[in-house]
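These notes concern the structure reproduced below.
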Amino acid sequence: MNLAETYVGEKVLEEGLKFILRNPERKIPTLLNIAEKLARDPHHRESVAAIKRILNDKNSNWYKFAHNLLSHTHPNIRQRIAVNFFVNATFIGVPRQKENAKKLGVSVPWAILMDPTEKCNLNCIGCWAGDYQRAKELDFDTMDRICTEAEKLGTYFIVLSGGEPTLRRDDIFKLAEKHPDQVFHLFTNGTLIDEKFVNEMVRLGNVTVAISLEGFEETTDNRRGKGVFKKVMHAMDLLREAGTIFGVSVTYARHNIDELGSDAFIDMLVEKGATFAWYFTYIPIGKDVDLSMMATPEQRAKMYERIQYFRQTKPIFIVDFWNDGEASNGCIAGGRRYFHINAAGEVEPCAFVHYSTCNIKDISLVEALQNPLFRAYQKRQPFNTNLRRPCPLIDNPEMLREIVHESGAYSTQLQNKESVDEFAVKLEPYAREWGALADRIWEEHLRQKQYCQCQAQ
């Protein structure tokens, strides 16, 4: 707790946390008042004020969400995540990131995604990482160095993927213990989560997981393997009963969008104790690339509408990484707010963009952030004035082509069967179709926004 104690004062933090742990569900307004005072960045103050307005209604889904989170989370996890996520990663981290960004001349990310291993105990159809070698691993010392250098820059949120990161569980827990000021968030298939794993999460307090699902049992098992859904349900039961903070990661594609967009699916997640859901659209990269698996433009638009509905009615936090471009001002990759380090150490703009110009094993984190691929990314962001079209991969493939050629980046895939030019041509029809629909949606959104502003005046 040293970092947070330095920021707010040791005694203030100690007494504040004791206060929170006494009937926390009754302390929501007071907690928000404290958060408002801690926030030094104007954007953070505005965000906290907006949350206060939303939580004024005790009958709302968001009040229920906050109540559940504070009431059912284990005290050690609640305390550690509250400090690491809100104080360290946000109130302290963001201003520090901005300060260092000015010095470096490039963005400093809020989060770093790295893969401890390419190895996996499953063999899922269409896996984005399925075309790596399934042999490489990041050694502990390299991961430890990345975390240490990240803290100095103001980055306190470390995301771990793979492969299957829980295959390196001992090293991950060792990292979390050595870096208690950071949050370690794992994307996992959930099949290896057992009581021992959950007990370590409770002991450390700064580890969270997002478990992959494709929908209900038949749909999940069809892509991930027979029996996987039941293993995930068992893991979620263990996580809920122990009071951990966890969620799911889902990929909506052409075949499962109705399932993932249903009330029944979200209600199941809430009942199981999931706090959040990360929604991704299927990207034709990696293993078993199949354009026909992609959600159609109409399905993508439907998912946007469904998630808006869930946000108004369900006590769960949902992010749609492609449709939420307005909230993030477009693509966040390429070091702008996050980037990816694969298990071979290659520094990539995004988990789905398998190109690099450098390897983290050979250079410092600061040097990695200044690489030509990231510079080419950042000078073009946002990639489209229509923030419903944020991605340089599927929404603006001509941008990815320009970036790769300008930076001289090389492919990091094992099977490099097509050039970036060929890939861009392949995605152009989808980008064109989605662009036409997204432009109509965006224009209507702007008209409604202007109307609301006029009414307010």
Worksheet item: What ³J(HN,Hα) values, in whole Hz, does the Karplus curve 6.51 cos²θ - 1.76 cosθ + 1.60 give for the stretch 294-311 when θ = phi - 60°, with x put for Gly and Pro?
Response: 5, 4, 5, x, 5, 5, 4, 5, 5, 5, 4, 5, 5, 5, 4, 5, 4, 5
Item to complete: Multiply the residue separation of H445 and E177 by 0.36 nm, subtract the distance between their alpha-carbon atoms, and state the gained length in nm to one decimal.
Response: 91.9 nm
Worksheet, complete the sentence: Restricting to lysines and to Cα separations under 25 Å from K417, and discarding same-chain partners fewer than 8 apart, the set is K119, K136, K287, K426
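Need one word for the stretch 324-457: rounded, prolate or oblate. Basis is the Cα gyration tensor (sqrt eigenvalues a ≥ b ≥ c); a/c below 1.5 gives rounded, then a/b vs b/c decides. Walk me through the numbers on the way to the answer.
Working: a/c = 3.14, a/b = 1.71, b/c = 1.84.
Because a/c hits 1.5 or more and a/b fails to exceed b/c, the stretch 324-457 counts as oblate.
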Practice prompt. Please report the relative contact order for the chain, taking Cα pairs under 8 Å with a sequence separation of at least 6, and give it as a percent rounded to a whole number.
Written response: 15 percent
Worksheet item: Rounded to the nearest 0.05, what FRET efficiency is calculated for E422 and S71 with R0 set to 56 Å and r the Cβ-Cβ distance?
Response: 0.60
Practice prompt. For a quick protection proxy, order the peptides 208-215, 315-322 by their average other-Cβ count within 10 Å, most packed first.
Written response: 208-215, 315-322
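Looking at the chain, what % of its DSSP beta bridges pair antiparallel, to the nearest 5?
The antiparallel fraction comes to roughly 20 percent.
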Worksheet, complete the sentence: Of every hundred units of 1.4 Å-probe accessible area on the stretch 323-457, the number belonging to carbon and sulfur atoms, as a percent, is 50 percent
Fill in: 14 Å reach of a label modelled at H255, 7 Å along Cα-to-Cβ, counting backbone N of the stretch 279-312
282, 288-295
Worksheet item: Which value, in Å³ per residue, describes the convex hull spanned by the Cα atoms of the chain?
Response: 139 Å³
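Summing Lys, Arg as +1 and Asp, Glu as -1, what charge do residues with Cβ under 12 Å from the Cβ of Y410 carry, Y410 excluded?
Result for the neighbourhood of Y410: -2.
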Worksheet item: On full extension of the chain, what length is gained from L104 through I54, given 0.36 nm per residue of separation minus the C-alpha to C-alpha distance?
Response: 14.2 nm
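The values are calculated or read from the model by the stated rules, or taken from the named source; none is laboratory data. Computed from a predicted model, the values in this text were never measured in an experiment. Please note: Cβ atoms are built from the backbone with ideal geometry, for glycine as well, and neighbour counts cover all protein chains shown. Accessible surface is based on the protein model in full, side chains and every heavy atom, while ligands, DNA and RNA are left aside. Shrake-Rupley method; radii C 1.70, N 1.55, O 1.52, S 1.80 Å.
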